[in-house]
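To keep things clear, I will list the structure first and then write my remarks on it.
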Amino acid sequence: TAGLSQDRVRDFRLRVLPLNSNRLFSRYSLRVRQQVLTREEYDYWQLLAKNSENIGTLFDAQPSQLTGNVRSLDEGSGGLPALGFVGAHSVSEKRIFVDRTELPAGSNPLNGYEACDPPVKIDLCKPPSSALEKSQIFYAAFHDGNFFPFMQDPCRVLVLSRDCVDCRTRGTTVRPAFW
């Protein structure tokens, strides 16, 4: 906040999601952590980022001496600087919920199941009718675990993808404590 008129951060973009993201279908949760750094600590981490990122081209910043507040305690070193910065600062944390009703008008979040095609039907009463051939058809359709069979009747099996049937593939069945 050194460059701001107040020592306060407002309207800071936390995350960008498309308005039709399935994460926004009902309610979205964000856990926000804010750490307060001293000016010296902030400058140290900025310089470290500049020295380790974007180096190697003609127009990049030249590496510079990193001086933190950590010193070597070896007797022969004479207190030479070591890489690092030790800081003690406050951390505040808050959970923010974004409800679907809070989204801008006209946004239409997806539910995530739009890509679920109508089920594929396998007809088992038409040839091939031998048990071996039927088992080969089943093996080809279900051996990798990405599809599930649903019996419609003794002759027809509906095939649906795992993502369309099993909610555990997209998350967990355990409700988080904060929800």
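Assorted remarks:
- Selection within the stretch 13-44: residues that are among the small types (Gly, Ala, Ser) and within 16 Å of the chain's Cα centre (by Cα). The member of this set that is nearest to Ser92 (Cα to Cα) is Ser29.
- Residue in the stretch 35-46 that is under 30 Å from Trp179 (Cα atoms) and modelled with pLDDT of 80 or more present: yes
- Looking across the stretch 28-57, the residues that are over 19 Å from Gly3 (Cα atoms), open to solvent by 90 Å² or more (accessible area, probe 1.4 Å) and part of a strand (DSSP E or B) come down to Arg31, Arg33.
To keep it simple, each residue is scored yes or no on (1) at pLDDT below 75; (2) in a loop (DSSP other than H, G, I, E, B); (3) not aliphatic (A, V, I, L, M).
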| residue | (1), (2), (3) |
| --- | --- |
| Gly87 | no, yes, yes |
| Ser107 | no, yes, yes |
| Tyr113 | no, yes, yes |
| Cys125 | yes, yes, yes |
| Ser129 | yes, yes, yes |
| Ile137 | yes, no, no |
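- Number of the condition not met by Phe148 [criteria: (1) surrounded by 10 or more Cβ atoms within 10 Å (Cβ to Cβ); (2) in a loop (DSSP other than H, G, I, E, B); (3) under 29 Å from the mean Cα position of the chain (by Cα); (4) modelled with pLDDT under 80]: (2)
- Residue check for Thr173: at pLDDT 75 or above, assigned to a loop (DSSP other than H, G, I, E, B), surrounded by 10 or more Cβ atoms within 10 Å (Cβ to Cβ) and touching a helix residue (DSSP H, G or I) at 6+ places or on another chain (Cβ under 9 Å): no
The values are calculated or read from the model by the stated rules, or taken from the named source; none is laboratory data. The model shown is predicted, which means the values in this text are computed figures rather than measured ones. Using ideal geometry, Cβ is built from the backbone for each residue, glycine included, and neighbour counts are taken over all protein chains shown. Heads up: the accessible areas ignore ligands, DNA and RNA and are worked out on the full protein's heavy atoms, side chains in. Shrake-Rupley method; radii C 1.70, N 1.55, O 1.52, S 1.80 Å.
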